[in-house]
Amino acid sequence: MDKQRTVIVTGAAGGLGKAIAKEFIKQNDFVYVTDLNKGAAEETALSLGENAKGIYLDVTDEAVIQSTIADILKERGSIEVLVNNAGIQYRSPLESFPLEKWNLLIDVMLTGVFLMTKHVFPHMKKEEYGRIVNISSVHGKMATPEKVAYVAAKHGVIGVTSVTALEGAPYKITANSILPGPVKTELLVKQLDSLTDKGMTDKEALEAILYPRQAMNRFIEPEEVASGVVYLASDAAGGITGEHIKVAGGM
Ligand code: NAD
């Protein structure tokens, strides 16, 4: 595409989101760095330069999503790329998993992806151009004990992506998901802490998360995920849709 594209990244004040935003800016796109944490979104955008703008966006709030998309369209005229990245984690055995935590994780990581896609879709259809990349997880295709809501949400993201790909195809909109392996962001550090709080040593906690199933035996770098996202959102990847691609070091 010749003109500068407009990109929305959700949860972009976090570890992966920031790396994704940075990678799009390298491609000369304009990025809305959106997050529940407004201050952090603004700070992140500031660090990324004049082609980034930090704004508050709670992906669970349909009214906020609608008004934010309307504002972005007023400012930029079109939205070419949506990256659904916002996420949270909570661990607990199934029988004591609190309903409110289940609801929260599903709201942020599954309903949030649905709502953002639902409201960006009509504008992409009108333009007959769109790139949607959803951040699932290796947990979109496998399971770990004590992560029932996370695993369910991330499996769900794959389903939402597949339907989006089918409905988007006639309008030249592609939808794909990326399934990252363990990346050492705030989200993962909190998990390591929760395991050491339960009495595991640092080494045991690390092994519980990383080693048993991963060929490369290392963390994935945020930039390694970001470059996959930017590729799937590129014009060059216009023939790729409905795919679910692991960036997980051979997990
Ligand atoms: P992170 O905690 O560093 O960042 C997540 C961001 O999402 C935070 O800035 C947070 O404020 C934001 N957020 C939370 N609730 C929100 C809401 N309702 N609306 C908008 N923003 C909200 O985590 P991360 O590791 O950068 O995770 C990004 C994505 O990558 C998540 O979807 C996560 O599930 C996925 N992922 C991460 C890993 C990993 O190992 N870190 C692995 C696989 C998948």
Legend entry - Rounded to the nearest 10 Å², the accessible area of residue 200 at probe 1.4 Å: 70
Legend entry - Exposed GluC sites (Glu not before Pro) absent: longest stretch of the chain, with sites in DSSP loops and at most 14 other Cβ within 10 Å deemed exposed: 129-251
Inset, instruction - Please give the calculated 222 nm ellipticity per residue for the chain, where each DSSP H segment of at least 4 residues contributes -39500 (n - 2.57) and the sum is spread over every residue; nearest 500 deg cm²/dmol? - result: -14500 deg cm²/dmol
Inset, instruction - Quick one: compute the contact order of the chain, relative version, from alpha carbon pairs under 8 angstrom and 6+ residues apart, as a percent. - result: 19
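How much length is gained if the chain between residue 27 and residue 243 is pulled fully straight, taking 0.36 nm per residue apart and subtracting their Cα-Cα distance, in nm to one decimal?
75.5 nm is the gain from fully extending residue 27 to residue 243.
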Legend entry - Cβ-based charge dipole, the chain, positive-most Cα from 11, 65, 169: 169
Legend entry - region 40-52 - phi-based ³J(HN,Hα) in whole Hz, Karplus 6.51/-1.76/1.60, Gly and Pro as x: 5, 5, 5, 5, 4, 4, 4, 6, 9, x, 6, 8, 10
Inset, instruction - Give, in nm to one decimal, the length gained when the segment between residue 223 and residue 56 is fully stretched (0.36 nm per residue of separation minus the Cα-Cα distance). - result: 57.8 nm
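Would you work out the relative contact order for region 67-185, in percent, from Cα pairs under 8 angstrom that are 6 or more residues apart?
30
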Inset, instruction - Among the trypsin sites (Lys or Arg not before Pro) in region 197-251, which ones are in a DSSP loop with at most 15 other Cβ atoms within 10 Å of the Cβ? Mind listing them? - result: 198, 218
Legend entry - Karplus 3J(HN,Hα) series, Hz, for region 177-182 with 6.51 cos²θ - 1.76 cosθ + 1.60 (x for Gly, Pro): 10, 10, 10, x, x, x
Legend entry - Residues of region 161-200 with amide N under 15 Å of a point placed 7 Å along Cα→Cβ from residue 142: 179-183
Legend entry - Whole-percent carbon and sulfur share, accessible surface of the chain, 1.4 Å: 54
Legend entry - Entries in 26/53; 53/172; 154/203; 154/184 that, when Cα-Cα distance is taken, lie over 20 Å: 53/172; 154/203
Legend entry - Only Lys, Arg (+1) and Asp, Glu (-1) charged, at Cβ; the chain dipole about Cα centre in debye: 420
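If you take every DSSP beta bridge whose two residues both sit in the chain, what share of them, in percent to the nearest 5, is antiparallel?
0
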Inset, instruction - With a probe of 1.4 Å, find how much accessible area the chain has per residue, and write the answer as a whole number in Å². - result: 45
Inset, instruction - Would you please give the FRET efficiency between residue 193 and residue 103, computed as 1/(1 + (r/R0)^6) with r the Cβ-Cβ distance and R0 = 35 Å, to the nearest 0.05? - result: 0.90
Inset, instruction - Could you go through region 140-155 in sequence order and give the Karplus-derived ³J(HN,Hα) for each residue, using 6.51 cos²θ - 1.76 cosθ + 1.60 with θ = phi - 60°, rounded to whole Hz, and x for Gly and Pro? - result: x, 10, 8, 9, 9, x, 6, 10, 4, 6, 4, 5, 5, 5, 6, 4
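The values are calculated or read from the model by the stated rules, or taken from the named source; none is laboratory data. All of these numbers come straight from a predicted model, not from anything done at the bench. Reconstructed Cβ throughout: ideal geometry from the backbone, glycine too, with neighbour counts over all protein chains shown. For the accessible areas, the whole protein counts, side chains as well, though only heavy atoms, and no ligand, DNA or RNA atoms are used. Shrake-Rupley method; radii C 1.70, N 1.55, O 1.52, S 1.80 Å.
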